[in-house]
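The block underneath contains the structure these notes are about, expressed in structure tokens.
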Amino acid sequence: MNFKKSEELFSEAKKYIPGGVNSPVRAFKAVGGNPVFMKGGEKALLFDVDGNKYIDYIGSWGPHLFGHNPPFIKKAVLGTAENGTSFGAPTELEIRMAKLITELVPSVEMVRMVNSGTEATMSAVRLARGFTGRNKIIKFEGCYHGHADFFLIKAGSGALTLGVPTSPGVTPANASDTLLALFNDIESVKSLVAANKNEIAAIIIEPVAGNMGVIASRGDFLRDLRRICDEEGIVLIFDEVMTGFRLSPSGAQGIYGIAPDISVFGKIIGGGLPVGAFGGKREIFNQLAPLGPVYQAGTLSGNPLAMSAGYAALSYIAENPGIYRTLEEYSGALEDGFRENLAKLGLGYQINRVGSMMCMFFTNKAVTDFASALTSDTALYAKYFHSMLESGVYLPPAQFEALFVSTVHDGSLIKKTIEAHFNALKSLG
Ligand code: KE4
């Protein structure tokens, strides 16, 4: 493939933008080489500035459950733009969006819109601290909740991939209120709770981890977390920025049957535009400004353009619950094809999949937590990534991410991906 124009644009971008990108993982640091600059997307396909075509498994890192530019979202956005993009005043559409979220996710009684997943998780923690009057939080090694200071403590995703487990700029004071537990290890949670009695405001978790690769919560882990939070007066926060509306109409909580106190959303609820949201129990959200004393605000929160895209996306989900059967069919076919290839080549790499989120780890060890994920050979992943890219398959440019299947990754595209996967693994020798 020819990447000449992308290379030229990357050189130009680096003059004005740190690292040439507006989000670190896009820079291909974890896989080497230069990022590909995209020109457009249509359904499951991406087209770069050099005229190359790719089957896209990033989907803008999760938002594109229906592929790129679905007509019903495009129509909603263009229609709304006719009347303006943002007023800084309440609109009816925000009510409809909030109501729809509460209808799709039973644990959510009230919801506040923001502009990113980071803003939503950051605000959810502040609300939990304000509601409980406590300072400390528990997060899990390898989970990523956005880049608020108190989360960048052995974060997953970009920070993990960039090998910066604790980011410079995070003050010791800030870090000291964040306690780290081990994913799928309830004993690690119990010991932290016992050692910090009545000091923990919240436990925040990705109910299905997607930022250290894909790792499902096992067995009763989430149920045990729920019980501990009930017993200790701790707010349970599910970070469903990635899983929300992807794994079911009510995200991971709908699959596991566990109701958190606060849920955090992003990605899909913006339909490709910048939207985040946090919602949950009325008694907690009564504490949020202007109703209560916990401050939170945003110039563009709930703006009509983003709401129109998000509302179109969630309405489509509400009206077409059958999409999850399609997602399962396509994602299952991809997993089966990858497993057949590994068997044919006598390779023991691990594949974790939950619904339309999947990751192949370059390790022979079962991946159930942060430590086992780290046994993956990231150099091998890098070679695999570039081989797939050359074959026209655009995967996450980092081992510790999730690939996403959409409702338009049909059989022919899945078949092409499986063929490329076989050739890529074979070329690794
Ligand atoms: P944003 O601030 O990027 O909208 O959301 C942060 C966030 C919060 N919680 C979870 C579970 C997330 O996955 C994310 C963001 N995910 C990464 C992908 N691993 C975004 C990609 C990027 O950083 O460019």
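Where nothing but the Cβ of Lys and Arg (+1) and of Asp and Glu (-1) is charged, how large is the charge dipole of the range 71-319 around its Cα centre, in debye to the nearest 20?
I would put it at about 160 debye.
Could you report the range 71-319's accessible area per residue, 1.4 Å probe, as an integer in Å²?
On a per-residue basis, the range 71-319 sits at 38 Å².
Residue 74: which lysines have alpha carbons under 27 Å from its alpha carbon, excluding same-chain residues fewer than 8 sequence positions away?
Filter leaves 39, 43, 53, 99, 267.
Cα centroid distance between the range 238-299 and the range 311-378, in Å?
When both Cα centres are located, 24 Å separates them.
Along the charge dipole of the chain, Cβ charges K/R +1 and D/E -1, which of 46, 288, 405 sits furthest on the positive end?
The residue sitting farthest along the positive end of the dipole is 46.
In the chain, with Lys and Arg counted as +1 and Asp and Glu as -1 at Cβ, which of these residues, 105, 356, 272, has the Cα nearest the positive end of the dipole, that is, farthest along it?
Working it through, the farthest residue towards the positive pole turns out to be 272.
Sequence gap at least 6, Cα distance under 8 Å: using those rules, report the relative contact order of the range 71-319 to the nearest whole percent.
30
Which far-off residues, 5 or more places away or on another chain, put their amide H under 5 Å from the one on residue 350, with H placed in the peptide plane?
For residue 350, whose amide H was placed from the backbone, the distant partners under 5 Å are 361, 363.
Between 142, 88, 166, whose Cα lies farthest towards the positive end of the dipole of the range 71-319 when Lys and Arg beta carbons carry +1 and Asp and Glu beta carbons carry -1, centred on the Cα centre?
It is 88, whose Cα lies furthest towards the positive end.
Quantify, in whole percent, the carbon and sulfur part of the accessible surface of the range 71-319 (1.4 Å probe; protein heavy atoms only).
56
Output ³J(HN,Hα) for the range 335-349: one whole-Hz value per residue in order, computed from phi by the Karplus curve 6.51 cos²θ - 1.76 cosθ + 1.60 with θ = phi - 60°, and x for Gly and Pro.
4, 4, x, 5, 5, 4, 4, 4, 5, 4, 8, x, 9, x, 4
Mean separation of Cα pairs under 8 Å and 6+ residues apart, divided by the residue count of the range 196-304: what relative contact order is that in percent?
19
What nm distance separates the two modelled labels at residue 109 and residue 16, each placed 7 Å from Cα along Cα→Cβ?
4.9
In the neighborhood of residue 268, defined by Cβ-to-Cβ distances under 10 Å, what is the net charge if each Lys or Arg adds +1 and each Asp or Glu adds -1?
Local net charge: +1.
Sort the following peptides by mean Cβ neighbour count (other Cβ atoms within 10 Å, averaged over residues), highest first: 208-215, 223-230, 267-274.
Those peptides, ordered most packed to least, come out 208-215, 267-274, 223-230.
Grab the Cα-Cα distance for residue 300 and residue 344, subtract it from 0.36 nm times how many residues apart they are, and report the gain in nm with one decimal.
10.6 nm
Could you give each residue of the range 17-26 its phi-based ³J(HN,Hα) in whole Hz, using Karplus coefficients 6.51, -1.76, 1.60 with θ = phi - 60°, and x for Gly or Pro?
10, x, x, x, 9, 9, 7, x, 4, 6
At a threshold of 8 angstrom on Cα-Cα distance, excluding pairs fewer than six apart, so keeping six or more, what relative contact order does the chain reach in percent?
22
What distance in nm separates the simple spin-label points at residue 412 and residue 74, each placed 7 Å from Cα in the Cβ direction?
The answer from the label model is 1.9 nm.
Step through the residues of the range 82-97 one at a time and calculate ³J(HN,Hα) from phi using the Karplus curve (6.51 cos²θ - 1.76 cosθ + 1.60, θ = phi - 60°), rounding each to whole Hz and writing x for Gly and Pro.
Each residue's phi maps through the Karplus curve to give 4, 9, x, 10, 6, 10, x, 9, x, 10, 5, 4, 5, 5, 5, 5 Hz.
The values are calculated or read from the model by the stated rules, or taken from the named source; none is laboratory data. For clarity, every value in this text was computed on a predicted model and none was experimentally measured. Every residue, glycine among them, receives a Cβ derived from its backbone with ideal geometry; neighbour counts consider all protein chains shown. For accessibility, only protein heavy atoms count, side chains too; no ligands or nucleic acids. Shrake-Rupley method; radii C 1.70, N 1.55, O 1.52, S 1.80 Å.
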